[in-house]
Each structure stands twice: as structure tokens, then as C-alpha cells.
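Only one structure is covered here, and it is reproduced in the block below.
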Amino acid sequence: MDETTSFFESAPLLKDADNITSKLTQFIDQNSSSLSGSSGPRRVVCVTSGGTTVPLEQRCVRYIDNFSSGHRGATSTEYFLKSGYSVIFLNRRGTCQPYCRSLPDDPLLECFELTNDSCIQVQESHSEAVKTAIREHHAAVSGGLLLKLPFTTIFEYLQILRLIATSMKILGANGMFYLAAAVSDFYVPWDSMAVHKIQSASGPLDMRLAQVPKMLSVLRKEWAPTAFCVSFKLETDKEILLEKADKALKRYKMHAVVANELSTRKELVILVTDTAKVSVYRENHNSDVESPLIKLLVDKHSTFIKNT
Ligand code: PAZ
């Protein structure tokens, strides 16, 4: 049994799998039969966002996590929607959501206030931001253009990604994957994981983590062989960033890899393809690097569709 099969066979059953599948089927059916303006069938992108956790116990008290805030995925989702795409937003629960970027950290408590007659109203200072967020989010969801699917663990993430990819197969070249989530490289296989909370009485903890199978290869070869695939490469050492991005491009046969460095990721990304490496900067402090990045990717996707 290869390592991908054994990952899925030993993973805990995905709760809600039937419900997710039926939401996906409905979303893809609706979008594959609708047209996007003058440019032919509607394109659908799966944007992954935020980091996966690695549980250390089956009845999980402790887990390994990572830094990802979900800002890249949420912002990119807004720009894809603006460009006429429909978006499946596979996001880590509790991370940044589309259209919520200009709201304070705790919108419920910071944007609203009680009036004298105990009614709730939006504070004047936040009223424009709240109205815009509600209006645009509602338009995208109720228009059938945005489907949000949450995950927490590496097991949920990969199982849902596989469901999305296989449902998107019928879209052919009109489908895109934009894999911005920070996915764990190591995990504890479910069948070798402690069931109950690990006890500290027996001293220091030695733990061996298995390598998460390289799912980008499986996505390209089996799950979504006709879709346009963009993956991300994050490093903290800029000396190795481009070399690693290039390797990922070739090894996983991606159509593009977005390379970024942890400390400058909101200002600069480098789009690596087999013909060029293009530095993409945000225009100024108030703009998003995702705006020019998504523009470039939409153009590349158009060329890909034309040539397919
Ligand atoms: O989620 P965020 O906005 O804080 O960060 C975005 C990012 C750095 C996670 C993303 O751009 C990225 O590089 N994702 C892939 C990470 C990786 O190499 O596993």
C-alpha cells in the first residue's frame, strides 16, 4: 500500500463528508452551467487558506500548529471574485475571512453598541466597514459564487481537498487550484497516536513524526489532472527560496509557484513559472500584493485555457 493510500485509510473519518459532498456538487453544477460575462464558462478556483494542525492525541488536548493567519487566502479570494471567478474557500477555522479585513479583531464587541433603549446598533466609526463587509459577503454567498469549507487538522484538510478536486474534475481547464494554506510536513499517524491525554509523569516526551505524503503530486496526476495549479513556497532564508520554488515547480509539475519570504510576504512575492521569475510588489502601503498577483495569474490561466 503506498503512503498516500495508507494516509487516507488510517485517517479518522471525515465528519460531515456527505454534507460537504452535496454542497460541492450543487456549487459545481451551478457554476459549470453558468457563463461569466463575455468570457465563456465560469471559472472556479479552490483557494486554500490558513494552517493545518497536527493532533498529538486522538481525544485531542495538544496539537502542533503554525503561524498562518489566512490573510493571503482571504484577500486573494476577494480579488478572484472581483475577476469573475467563483471560489471554493477551504479555510482554517477561526482564521481571516474574505471581506473581514477592515473590521477590528473582535467585530461583535468592537463594532456594535447598546442604545439607551437596549437595542443594538453599529458604531458610527465602523459603520462603513461593517456595511461593505456584509453587502459583499452576502452578494458572493447568496449569488452562489463563494463556498466556504472549514478545516482544522491535517486529516480534515487533505480529505476535503480530495473531495473538492474530484468534484472539480468536470470543469477541466476552467478549474484552478491556488494552494496558499500552510500544510504540515509532519504528522502523527492516527493508528499510532495516543488515545488519551499524554501524561507528563513519565518525564520528557520523545515523539517520532511521520512525513505527510506529497499530495501536490497526487493532486496533479490523479485528482485534478486538467486543472491549472498554483502552489506556494514559503521560506525564512531568502538564499534558498527561489531554488526551492523551482524544485517544487518541476517535481510536482505545477503551472506556477508563488515564492514568498516570511517577513516580507505582504509586500513582495515572486511568481515562478517554467519561462520566467517575476517579482510582484504591492503598489503602496494601502494596497495588497494579491491585486497584481491575481491579475497575472488570471492572464496565465486564460492562456492555459486557450492552449488546452
Ligand atoms: O496566511 P498568511 O497570510 O499569514 O501567510 C501566507 C502564507 C505565507 C502561508 C502563504 O503565502 C504560503 O506561502 N503558503 C505556503 C506555505 C508553505 O510553504 O507551506
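The values are calculated or read from the model by the stated rules, or taken from the named source; none is laboratory data. Keep in mind that what you see is a predicted model, and the values were worked out from it rather than measured. So basically every Cβ, Gly included, is an ideal-geometry build from the backbone, and we count neighbours across all protein chains shown. Only protein heavy atoms, including side chains, enter the accessible area calculation; ligands, DNA and RNA are left aside. Shrake-Rupley method; radii C 1.70, N 1.55, O 1.52, S 1.80 Å.
The listed residues I198, I28, once ranked by accessible area (1.4 Å probe) with the largest placed first, stand as I198, I28. Using a probe of 1.4 angstrom and keeping all protein chains present, the accessible surface of the stretch 184-308 works out to 60 square angstrom per residue. In terms of the mean number of neighbouring beta-carbon atoms within 10 Å, the peptides 280-291, 229-240 order highest first as 229-240, 280-291.
Label-to-label distance for L13 and R101 is 4.0 nm, based on points extended 7 Å past Cα in the beta-carbon direction. Between T115 and K266, the FRET efficiency from the beta-carbon distance, with R0 = 35 Å, is close to 0.40. Considering only alpha-carbon pairs that sit under 8 angstrom and 6 or more positions apart, the relative contact order computed for the chain is 19 percent. Placing unit charges on the Cβ atoms only, positive for Lys and Arg and negative for Asp and Glu, gives the chain a dipole magnitude near 1020 debye about its Cα centre. Sorting 76-85, 108-117 by their mean Cβ neighbour count within 10 Å, with the most densely packed peptide first, gives 76-85, 108-117. Reported value for the stretch 7-112: 168 Å³ per residue, from the convex hull of its C-alpha atoms. If only the Cβ of Lys and Arg carry +1 and only the Cβ of Asp and Glu carry -1, the dipole of the stretch 1-120 around its Cα centre is close to 380 debye.
As a fraction of the 1.4 Å probe accessible area of the stretch 134-227, surface on carbon and sulfur atoms comes out at 55 percent.
Using R0 = 41 Å, the C-beta based FRET efficiency linking K306 and I240 works out to 0.75. Computed on protein heavy atoms with a 1.4 Å probe, the accessible areas place M207, M193 in the order M207, M193, largest first.
State which entries of K15/K300; K15/K221; K197/K233; K238/K306 exceed 32 angstrom in Cα-Cα distance in the structure shown. Pairs exceeding the cut-off: K15/K300; K197/K233; K238/K306. Excluding ligands, DNA and RNA, the accessible surface per residue across the stretch 51-159 is 50 Å² with a 1.4 Å probe.
Pairs of alpha-carbon atoms within less than 8 angstrom and 6+ residues apart define the contacts here; what relative contact order does the stretch 70-150 have, in percent? With pairs under 8 Å counted, the relative contact order is 38 percent.
Computed over the Cα atoms of the stretch 104-187, pair by distinct pair, the Kirkwood hydrodynamic radius stands at 16.7 angstrom.
In this structure the amide hydrogen of T53, modeled in the peptide plane, comes within under 5 Å of the amide hydrogens of T153, I154, none closer than 5 places in sequence on its chain.
Between D185 and E57, what FRET efficiency comes out of the Förster formula 1/(1 + (r/R0)^6) with R0 = 25 Å and r the beta carbon distance, rounded to 0.05? Step by step, r from the Cβ atoms, then E = 0.80. Rounded to the nearest angstrom and listed largest first, the equivalent-ellipsoid semi-axes of the stretch 164-249 from its Cα gyration tensor are 33, 20, 10. Straightening the chain between K250 and T5 buys 85.9 nm, computed as 0.36 nm per residue apart minus the Cα-Cα spacing.
Distance from the Cα centroid of the stretch 66-98 to that of the stretch 185-216 is 29 Å (rounded to whole angstrom). Computed over the stretch 1-63, relative contact order equals 13 percent, with contacts defined as Cα pairs under 8 Å that lie 6+ residues apart. Percent of Cα pairs in the chain per distance bin of 20 Å, from zero to the largest separation: 30, 57, 13, 0. So for the stretch 258-308, what are the equivalent ellipsoid semi-axes in whole Å, largest first, each being the square root of 5 times an eigenvalue of the Cα gyration tensor? Sorted largest first and rounded, they come to 23, 13, 7 Å.
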